[in-house]
Amino acid sequence: MAIDNSRARADNRPLEITATVAHKVLIIDDEDDIREVAALSLESVAGWEVITASSGAHGLTRAAAEQPDAILLDVMMPGMDGPTTVGELRKNPATAAIPVLLLTAKVQATDQRRFADLGVKAVLFKPFDPLELSNQIASVLGWS
Amino acid sequence: MGEQRRQTAVSAESKIAPGARGFVAPLVSAIPGPGLTMAAVLLLCAAFAVRLVTGAGFDVLLLGAIAVASIALAVDLLLRFRAARRAANQSEETRPSDLLDSVADGICSLDRNGLVSFANPAAARLLGAPATMLTGKSVHDLLHGSAPEARQCPAECPLRTAAGRQKVTGGEDNIYRADGSCFPSEYTLTPILDQGWVQNRDQGRFSGSVLSFRDISQRYALDRLKDEFISTVSHELRTPLTSIRGALGLLSSGMLGEVNDKAANLLRIALTNSDRLVRLINDILDLERIQSGREPLAFRTVQLADVVRQAIDGMTPMADAAGVKLIHDAIQTEIAADPDRLLQVLTNLLSNAVKFSPPNSTVSVMLRPGLTGVTLSVIDHGRGIPADKLEAVFGRFQQVDASDSRQKGGSGLGLAICRTIVLQHSGSIWAERNPVRGSTFRVFLPYHPEPLEAGEPLALEPGQGTVLLAGAGDESRPRIATLLARHGYKVLETSTVEETLTAAHQGVQAILLDTSLDGMNGWQILPLLRRLDPEARTPVVLLSVDEPETLAQTPVEVAGWVQKPLAEDRLLGELARVLCGPGEKARILIVEDDHDLAGIIGEVFSRDSIEVELAHSLDQALQSCLRFKPHLLVLDIGLPDGDGFNVVDWLRQHESLARLPLVVYSGSTLSQAERRQLTLGPTHFLTKTRVQPQQLEALVLTMLRSSRQNEEVASAD
């Protein structure tokens with residue numbers, strides 16, 4: 001019985017604004033709709049501040065200027081793709097330390113092995129559950 | 001056999017000149033060829049002679065002679081034509097050396113020391129060096145010798161040791177050309193064993209090997225293309241789904257403002273269906289990936305109970321939502337498996353079971369270690385599967401009811417994925433109907449999934465039954481304990497009433513009870529055993545000096561009786577009998593065309609109080625299966641009117657027999673594919689030359705015991 005109660009609480013948690021610190025997250029994705037849904041999810045579920053960029057190049061500029069606490073980065077983008085963007089972020093001292101999480105629609109094992117070598121904090125998969133996305137990011141980065 | 005004979009007849013006929021078949025053929029075969037022309041000429045001469053001598057009036061005879069002579073000439077011509085044609089064909093027949101010259105595969109022969117003694121032109125072309133340069137090299141030097149410094153292969157490169165092996169080896173590896181470039185290839189190294197020397201092929205004299213290899217870069221390119229395609233499609237499908245799923249999730253959470261009930265219901269419908277679409281895409285990709293074999297399984301030692309627990313943990317939220325309870329037994333069993341894939345199998349089975357279970361019911365997972373592997377059962381109390389769908393549910397997009405995919409939200413691929421994974425573990429998966437309600441999905445996983453190497457001794461693992469041996473300091477107890485241990489039983493020994501009562505509840509499968517016991521005798525302890533655990537069905541075998549006739553007055557709880565002084569056979573037989581089933585004698589059918597061997601095997605089992613029926617032909621076997629209803633089948637492959645494959649195929653068509661425990665007792669070692677074709681329920685393969693009838697006995701007794709246990713589990717739930 002006790003276990004059931006605690007589980008019910010765990011399920012309800014996303015509905016409450018749990019974060020006491022308003023983290024700032026940069027979402028880099030070329031898909032306007034995904035950017036919007038993800039931003040809305042992090043803002044309304046976790047109460048975080050979200051800034052967005054529609055390309056890798058734009059993302060690099062925003063990351064350097066805004067100094068977000070984390071970057072949620074799409075993998076497949078025209079022009080500069082996710083892995084290249086990670087490399088560029090690492091090269092710039094101003095953005096080198098910002099933790100990066102990849103958000104990808106690719107699930108092939110060969111792709112995943114490639115991501116593992118990039119030194120990102122985690123690889124999250126699309127489609128994501130908008131109610132769970134902030135929890136996943138928070139648990140990876142140790143934000144409680 | 002009949003088929004073969006028919007083929008021989010057809011091929012003999014086809015040797016006759018085309019066109020002449022049917023009409024001329026009987027003639028041709030009836031008249032000997034040479035001398036036909038001579039006969040015709042003689043006949044004509046004779047006719048003329050008669051005409052000259054006798055004068056007019058014999059024209060009819062002359063005409064007849066001319067006609068017969070013409071036919072004879074025609075036949076003669078035909079025969080000559082045929083002979084000429086045959087001669088022409090022979091000269092066109094390809095000589096072996098031409099074959100080697102024109103085949104596209106690289107072929108090299110190696111001498112006894114593993115050095116190349118001959119290389120065909122294709123080998124020279126593939127390796128970019130003249131054939132004369134290739135001779136004298138080892139296999140490793142030949143294929144990897146030109147690798148550039150940076151890409152030297154490790155010391156354990158299989159090609160280094162391959163040539164010395166006296167069995168077929170092969171694989172895929174990069175091969176380096178003389179200029180240092182490389183291409184992916186598939187190679188096979190086949191030993192040449194001098195068969196005339198010793199009849200047994202495995203022991204033939206090793207006189208060298210043949211290496212063949214081919215360029216498979218095209219296949220690699222296709223694989224890569226397919227990978228890319230799948231990766232792209234999955235990306236293209238998921239991207240729009242991400243927006244849809246995300247938008248619906250946020251809307252239906254009510255976080256962005258309340259919506260009215262009708263709208264909320266529509267949102268729920270849209271959300272569950274987008275989830276279903278996501279699962280479908282995932283499952284299609286999964287199935288493709290697993291079946292392609294491009295991601296081989298990562299086998300390691302796995303504690304199966306851990307995987308079960310993990311799967312149950314993962315499924316608990318879904319089960320809670322459905323009001324279904326998930327339970328499992330915690331039997332520790334180690335197997336070699338890919339834990340991630342096994343988790344996938346279990347998760348799929350549990351998810352199915354939960355979906356089709358009514359609220360407030362239970363889904364249980366059982367592990368039953370057996371002789372060569374473990375049987376995992378997922379038992380539900382849902383509506384069950386119709387008998388004719390038990391096999392079909394493992395197909396793609398197969399659901400018992402067409403409306404299921406809509407109502408239950410499955411992709412229709414879950415069980416197909418399960419079967420693919422289980423087969424990759426050399427296991428088997430099947431569905432059964434529970435006697436009362438619901439279904440049981442069983443997965444048999446061998447402890448060691450690799451096929452047995454030829455010549456490797458078959459390790460018979462100890463039986464899994466634990467037997468409680470209770471008796472006061474009798475000198476015969478150690479002897480009985482040793483005897484039982486030797487036959488694969490685990491033995492718990494007790495000498496007092498307290499010890500016995502405690503031990504009886506530690507999961508023993510049978511109790512051997514001496515009527516002399518410290519503090520109380522066997523008769524008095526019986527009711528105590530039952531009172532403490534009225535549900536227990538642990539059979540009790542009494543060891544007593546009394547005559548068995550008094551059994552009529554003994555309590556019903558006593559399942560067996562062995563009179564002292566003990567006869568070993570009698571004891572083991574009684575034990576096997578009570579373990580195989582209360583009251584009912586176990587029945588086994590032995591299908592073996594060798595009457596003597598069948599008799600010997602039958603004799604072995606009759607000692608164990610097992611009812612044995614012998615069948616010596618395919619026909620007898622099928623009749624016996626229906627009439628005798630065996631609990632287990634011992635099957636030989638070669639039968640006078642068919643073979644073991646026919647028997648298994650036939651059994652699979654019958655619901656009540658399709659899961660029969662089976663021991664294939666064959667003359668030769670079977671390939672993995674053949675084994676798969678011969679698998680029914682729990683199936684074991686023994687080779688006659690390597691396994692004695694006594695080992696067969698031990699295996700059969702253990703299988704009967706474990707199938708009995710499985711039945712109990714199924715009926716207990």
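Residues in segment B:83-128 that are over 23 Å from B:Pro191 (Cα atoms) and modelled with pLDDT of 90 or more: 2 in all. B:Ala247 falls short on exactly one of the conditions (1) at the interface with chain A (Cβ under 8 Å from one of its Cβ atoms); (2) over 39 Å from the mean Cα position of the chain (by Cα); (3) surrounded by fewer than 18 Cβ atoms within 10 Å (Cβ to Cβ), and that condition is (3). Could you tell me whether segment A:22-35 includes any residue that is at pLDDT below 95, surrounded by fewer than 18 Cβ atoms within 10 Å (Cβ to Cβ) and either within 13 Å of another protein chain (Cβ to nearest Cβ) or touching a Cys at 6+ places or on another chain (Cβ under 6 Å) (or both)? Within segment A:22-35 (the criterion being at pLDDT below 95, surrounded by fewer than 18 Cβ atoms within 10 Å (Cβ to Cβ) and either within 13 Å of another protein chain (Cβ to nearest Cβ) or touching a Cys at 6+ places or on another chain (Cβ under 6 Å) (or both)), the answer is yes, since at least one residue qualifies.
The strands (runs of 3 or more DSSP E) falling completely within segment B:284-355 that include 3 or more residues that are surrounded by fewer than 19 Cβ atoms within 10 Å (Cβ to Cβ), out of contact with any Gly (no Cβ under 8 Å at 6 or more places or on another chain) and more than 13 Å from every other protein chain (Cβ to nearest Cβ) map to B:300-303. The residue that is nearest to B:Ala698 (Cα to Cα), counting only those in segment B:608-630 that are surrounded by fewer than 22 Cβ atoms within 10 Å (Cβ to Cβ) and of a type in the set (Gly, Ala, Ser), is B:Ser609. Residue pairs whose Cβ atoms lie under 6 Å apart, sitting 6 or more positions apart in sequence or on different chains, and linking a residue in segment B:469-484 that is farther than 20 Å from B:Leu701 by Cβ to a partner that is in a helix (DSSP H, G or I) and modelled with pLDDT of 75 or more, are B:Ala470/B:Thr500; B:Gly471/B:Arg477. Given the criteria out of contact with any Phe, Trp or Tyr (no Cβ under 7 Å at 6 or more places or on another chain), farther than 30 Å from B:Ile417 by Cβ and facing another protein chain (nearest Cβ under 9 Å), does B:Gly254 qualify? Judged against the criteria, B:Gly254 is a match.
Of all residues in segment B:587-607, none are buried (at least 17 other Cβ atoms within 10 Å of the Cβ), touching a residue at least 40 places away in the same chain (Cβ under 8 Å) and within 24 Å of B:Leu390 (Cα to Cα). Scanning segment B:209-233 for residues that are polar (S, T, N, Q) and more than 11 Å from every other protein chain (Cβ to nearest Cβ) turns up B:Ser209, B:Ser212, B:Ser217, B:Gln218.
Scanning segment A:57-78 turns up no residue that is within 14 Å of another protein chain (Cβ to nearest Cβ) and assigned to a helix (DSSP H, G or I). Taken together, the criteria place A:Pro130 among residues that are assigned to a loop (DSSP other than H, G, I, E, B) and within 15 Å of the chain's Cα centre (by Cα). Residues in segment A:111-127 that are assigned to a loop (DSSP other than H, G, I, E, B) and charged (D, E, K, R) were compared, and the one that is nearest to the chain's Cα centre (by Cα) is A:Lys121. Restricting attention to segment B:69-82 and to residues that are among the aliphatic types (A, V, I, L, M) and at pLDDT 80 or above, the residue that is nearest to B:Met38 (Cα to Cα) turns out to be B:Leu73. Just wondering, is there one or more residues in segment B:234-243 that are away from chain A (no Cβ under 13 Å) and surrounded by 12 or more Cβ atoms within 10 Å (Cβ to Cβ)? No, segment B:234-243 contains no residue that is away from chain A (no Cβ under 13 Å) and surrounded by 12 or more Cβ atoms within 10 Å (Cβ to Cβ).
The values are calculated or read from the model by the stated rules, or taken from the named source; none is laboratory data. What you see is a predicted model, and the numbers here were worked out from it, not measured in a lab. So basically every Cβ, Gly included, is an ideal-geometry build from the backbone, and we count neighbours across all protein chains shown.
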